[in-house]
1. Under the rule of at least 5 residues apart or a separate chain, name every residue whose amide H is placed under 5 Å from the amide H of Y43.
2. Just want to confirm a number: the relative contact order over the chain, from Cα pairs under 8 angstrom separated by 6+ residues, in percent.
3. Can you tell me the order of 20-26, 10-16 when each peptide is scored by its average per-residue count of other Cβ atoms within 10 angstrom, highest first?
4. Along the charge dipole of the chain, which of T24, F45, N68 sits closest to the positive end, that is, farthest toward it, with unit charges on the beta carbon of Lys, Arg, Asp and Glu (+1, +1, -1, -1)?
5. Consider all pairwise Cα distances in the chain and report the whole-number % of them above 17 Å.
6. Quick check: Cα centre of segment 41-62 to Cα centre of segment 1-18, how many Å?
7. Using the Cα centre as the reference, give the magnitude of the dipole from point charges on the C-beta atoms of the chain (Lys, Arg: +1; Asp, Glu: -1; all else neutral), rounded to the nearest 20 debye.
8. Determine, for the chain, the count of lysine pairs separated by eight or more sequence positions (or lying on different chains) whose alpha-carbon distance falls under 18 Å.
Amino acid sequence: MRKPPKSSTIRKNIMRYAYNAGFTYHPQTDGTVKLFDIKANYYVFRGSPDRAAQFVTDELWMKYFRLNPSK
């Protein structure tokens, strides 16, 4: 797995990166978003789009370090 991109790139392509991190992205009518964990089969996040992008960034970095422990 390559290094995750910057948060600004993730914000622009949030649906793709959320799926790579194991989530589906669901915008709501009130301006918030929900992230649904595909493996656990429940919603793990509800909040602003910026916080969702940070959540996805953190998950991608955790996944990166789990797969590459020497870095």
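Throughout, read-outs are computed from the coordinates displayed, never taken from laboratory work. Keep in mind that this is a model prediction, so the values were computed, not measured. We place every Cβ from the backbone using ideal geometry, glycine too, and count neighbours over all the protein chains shown.
1. Amide H neighbours of Y43, under 5 Å, 5+ apart: D37.
2. Details: 88 pairs, mean separation 22.4, N = 71.
Value for the chain: 32 percent.
3. Working: 20-26: 18.3, 10-16: 15.3.
Answer by packing, highest mean first, reads 20-26, 10-16.
4. Among T24, F45, N68, the one farthest towards the positive end of the dipole of the chain is N68.
5. On the way: 975 of 2485 pairs.
Taking all Cα-Cα pairs of the chain, the fraction more than 17 Å apart is 39 percent.
6. 11
7. On the way: 13 positive and 5 negative charges, 73 e Å.
For this selection, approximately 360 debye.
8. Working: K3/K12; K3/K63; K3/K71; K6/K63; K6/K71; K12/K34; K39/K63; K63/K71.
Lysine pair count for the chain: 8.
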